[in-house]
Amino acid sequence: MEATRKLPMALARVETPLEQAQGEALDADVIVVPVLRAGLGMVDAILELLPHARVGHIGLQRDEHTAVASRYYAKLPANLAHGTALIVDPMLATGGSAMAAIALVQQTGARDIRLLSIVAAPEGVAAVETAYPSVPIYTAAIDRELNAQKFILPGLGDFGDRLYGTT
């Protein structure tokens, strides 16, 4: 919700159960871009809040030994230049996947990019802020640190594996 706070709004008439009322409606093109596969777990909640948002997908796989992300899939909607891209990835660990996703979304012309996570490590936050200072990060928690395998401590393990029962 916080990531949408400053999106443009327009006056709108809404139908309440008793009568019409003056209100506001979102006046922005929002594109939700989950980082596959864990980011898919965040999409339904965002679409419930923003039902007219468009959705793109970026597939990134982290090498378990080097922690470097490599892209295996990308499908983004057209005309991102005037929209707001919400990149969603529940775990911001090293920042590698986030920075790869931001770079790809920027290449498509997007200028208003926001990163949403659930749990972040200070190292990942610092890396993204250094590389992309204009991209705000929205996260529910910043945990203590990364371990030697680049997992967030105390963290909650691999979010995608937990979400899909593949642990």
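No value in this document is a laboratory result; all are computed from the given coordinates. Everything numeric in this text was worked out from a predicted model, so none of it was measured. Positions of Cβ are backbone-derived with ideal geometry, glycine not excepted, and every protein chain shown enters the neighbour counts.
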Sequence-distant or interchain residues sharing an amide H contact under 5 Å with residue 142, placed H: which?
120
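Quick one: dipole size for the range 18-141, taken about the Cα centre, charges +1 on Lys/Arg Cβ and -1 on Asp/Glu Cβ, in debye to the nearest 20.
On the way: 7 positive and 12 negative charges, 92 e Å.
Magnitude of the dipole: close to 440 debye.
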Taking θ as phi - 60°, what are the ³J(HN,Hα) couplings along the range 107-117 by the Karplus curve (6.51, -1.76, 1.60), each to the nearest whole Hz, with x for Gly and Pro?
4, 7, x, 5, 10, 9, 10, 10, 9, 10, 9
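How would you classify the chain from its alpha-carbon gyration tensor, with a ≥ b ≥ c the square roots of the eigenvalues: rounded for a/c under 1.5, else prolate if a/b is greater than b/c, otherwise oblate?
Working: a/c = 2.05, a/b = 1.77, b/c = 1.16.
Cα axes put the chain in the prolate bin.
If the chain between residue 36 and residue 123 were fully stretched, how many nm would it gain, using 0.36 nm times the residue separation less the Cα-Cα distance?
On the way: separation 87, 0.36 × 87 = 31.32 nm, distance 2.14 nm.
So the chain would gain 29.2 nm between residue 36 and residue 123.
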Interchain or long-range residues, amide H under 5 Å from residue 68's placed H
63
A correct Karplus calculation of ³J(HN,Hα) over the range 25-34, with 6.51 cos²θ - 1.76 cosθ + 1.60, θ = phi - 60°, whole Hz and x for Gly and Pro, returns 10, 4, 10, 8, 8, 10, 10, 8, 10, x
Ordered by residue, what ³J(HN,Hα) values in Hz, to whole numbers, does the range 48-63 give under the Karplus form 6.51 cos²θ - 1.76 cosθ + 1.60, where θ = phi - 60° and Gly and Pro are x?
5, 7, 10, x, 9, 5, 8, 10, x, 9, 10, x, 10, 10, 8, 5
Can you pull the one-decimal nm distance between simple spin-label points at residue 49 and residue 82, each 7 Å off the Cα toward Cβ?
2.5 nm
Skipping prolines and chain starts, which residues have an amide H placed within reach, meaning under 5 Å, of the one on residue 84, given they are 5 or more residues away or on another chain?
29, 30, 31
Pair residue 103, residue 11: separation of 7 Å Cα→Cβ label points (nm):
4.7 nm
Within the range 1-37, what residues put their amide N at less than 13 Å from the label point 7 Å along the Cα-to-Cβ vector of residue 134?
none
